[in-house]
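As structure tokens, the structure follows; a few thoughts come after it.
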Ligand SMILES: Cc1cc2nc3c(=O)[nH]c(=O)nc-3n(C[C@H](O)[C@H](O)[C@H](O)COP(=O)(O)OP(=O)(O)OC[C@H]3O[C@@H](n4cnc5c(N)ncnc54)[C@H](O)[C@@H]3O)c2cc1C
């Protein structure tokens with residue numbers, strides 16, 4: 001075990017979409033400042049490098065999942081995983097950010113010293129412990145565990161003679177040509193996998209406990225592509241970005257205020273795309289309202305087309321047990337399968353599992369409050385990125401980076417070295433950070449920081465509101481303390 005110490009102005013953790021974006025903002029605004037990106041894996045891209053299942057793609061448009069500072073120029077708005085990975089890698093390479101990434105460094109802890117106004121960050125690297133010092137710590141570690149996806153405990157898995165696969169650990173050589181496949185789940189991953197695997201499999205069954213709202217959008221946005229041809233990338237990109245922000249904001253607001261109208265609209269669209277007499281009530285009508293959980297997008301109705309062509313089907317039931325030949329369901333139905341894919345979700349994890357402490361005292365995350373959804377109460381010089389659940393992640397990631405650069409610029413100007421949000425409102429009440437009913441959120445949200453009943457402690461889910469607050473409002477709000 002050896003130790004070497006390095007000093008940096010800004011230490012970013014994670015080289016995914018957010019980490020590369022954060023580094024780009026910092027480098028652009030402060031060309032003379034030192035920064036590094038510590039990345040646990042040996043690759044750039046995070047999510048878009050990790051997930052390798054067939055058909056992996058975005059489920060939001062790339063004009064808003066792309067960075068504000070770098071136009072998305074592909075024809076497809078709902079893009080394939082490899083194209084997104086190329087976009088992140090190219091962003092890093094073009095700006096020379098890749099030279100600042102230290103791969104294979106998994107951050108395990110960070111301690112803030114009030115005496116030195118500095119973070120000491122501990123990382124594992126090639127079996128050694130490495131320490132680095134930094135003025136600011138900026139966590140871009142995503143929101144889930146990389147080493148293991150979530151699989152509920154199913155009875156009888158050991159009896160099953162076929163193959164069981166989790167989308168987070170896709171075997172490169174898995175051959176499902178002509179085979180019977182069952183995909184367990186109804187989220188974004190399941191609805192991506194089913195039509196994609198249906199192209200080669202004998203038949204694919206999507207087995208869900210309960211349905212999800214699914215809407216079809218064109219993979220290629222004709223307005224975006226026309227604007228791009230006529231006006232060029234630089235001008236067309238922000239226009240399309242705003243068009244898409246407006247569309248998602250209106251859809252979200254309508255869903256919250258007039259859920260019956262949105263339900264009826266979604267149902268009509270599904271009726272047009274599914275076979276006559278299809279049981280939409282059972283398979284595509286959730287008990288909750290649209291956008292109470294994340295809505296799934298399917299490009300050009302590919303899932304509905306696979307069902308229409310008889311290549312895929314949906315079963316809404318519960319698993320009683322795995323059998324030798326497949327699955328026995330609670331209704332008594334048996335599903336035969338050669339391959340079973342458990343698209344059952346993620347294990348949420350905050351800050352990549354790194355333990356934070358302030359002057360040696362461990363930070364208990366559930367006892368902290370999230371400030372503007374990007375800093376923690378009583379934790380100095382620490383920023384994190386968690387994107388929206390109702391809109392593209394990068395919209396928030398870009399705003400967090402801009403706000404961070406504003407903070408740094410102001411502190412430089414005034415010779416301040418510490419900024420820390422402090423709650424001095426005794427009447428503030430707390431609530432879970434993610435107010436979202438999805439199973440994967442409910443399972444782990446208790447380990448997360450809390451949100452408060454009032455700004456700036458509320459986690460906003462409105463891009464327009466955050467844009468005004470983070471980009472334009474004063475930094476001196478009486479809560480952020482500078483010294
Ligand atoms: C399959 C899938 C599809 C998705 N599709 C969309 C979509 O269409 N639209 C959308 O808005 N969102 C989507 N999301 C959410 C998605 O994760 C974000 O859009 C975005 O990719 C997150 O980027 P990130 O850089 O913040 O996190 P990640 O992509 O998770 O990257 C985090 C990086 O941090 C590294 N890291 C973690 N812990 C440590 C540590 N302790 N030390 C060092 N490094 C560490 C990881 O190795 C990784 O490289 C999707 C998520 C998944 C899983």
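Laboratory data are not the source of any read-out in this text; all were calculated from the coordinates shown. Just so it is clear, the model here is predicted, and its values are computed rather than measured.
So here's what we get for this one:
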| item | result |
| --- | --- |
| Convex hull of segment 90-237 built on C-alpha atoms - directionally averaged projected area, nm² | 16.2 nm² |
| Cubic angstrom per residue, convex hull over Cα atoms of segment 304-440 | 207 Å³ |
| Spatial extent of segment 405-483: Rg and Dmax, with the Cα atoms as the point set, Å | 15.1, 46 |
| Largest to smallest principal axis extent of the C-alpha atoms in segment 241-373, angstrom | 64, 47, 25 |
| Rg over Rh [alpha-carbon atoms, Kirkwood Rh] for segment 51-175 | 1.06 |
| Cα-based Rg and Dmax for segment 220-306, where Dmax is the largest Cα-Cα distance (Å) | 16.0, 47 |
| Length-normalised contact order for segment 42-176 - Cα pairs under 8 Å, 6+ apart - percent | 21 percent |
| Degrees between helix 17-29 axis and first principal axis of the chain (Cα, 0 to 90, nearest 10) | 30 degrees |
| Tail fraction, Cα-Cα pairs, segment 34-91, threshold 20 Å, whole percent | 27 percent |
| Along each principal axis, Cα extent of segment 128-207, largest first, Å | 56, 28, 24 |
| Gained length - residue 239 relative to residue 477, 0.36 nm times residue gap less alpha-carbon distance | 82.5 nm |
| Relative contact order [Cα under 8 Å, 6+ residues apart], the chain, whole percent | 19 percent |
| Semi-axis lengths, Å, segment 1-99, gyration tensor of Cα atoms, sqrt of 5 times eigenvalues | 27, 17, 9 |
| Rg/Rg_globular for segment 166-224, with Rg_globular taken as 2.2 N^0.38 Å and Rg from C-alpha atoms | 1.30 |
| Degrees separating the helix 188-198 axis from the principal Cα axis of the chain, which is the longest one | 40 degrees |
| Segment 363-433: projected area of the alpha-carbon convex hull, averaged over directions, in nm² | 5.6 nm² |
| Fraction of antiparallel bridges per DSSP, the chain only, in percent to nearest 5 | 45 percent |
| Evaluated at q = 0.06, 0.07, 0.13 Å⁻¹: base-10 log I(q)/I(0), Debye formula over Cα of the chain | -0.29, -0.39, -1.30 |
| Relative contact order %, segment 37-111, counting alpha carbon pairs below 8 Å whose residues are six or more apart | 53 percent |
| Over the chain: helical MRE at 222 nm, DSSP H runs n ≥ 4 each giving -39500 (n - 2.57), nearest 500 | -8500 deg cm²/dmol |
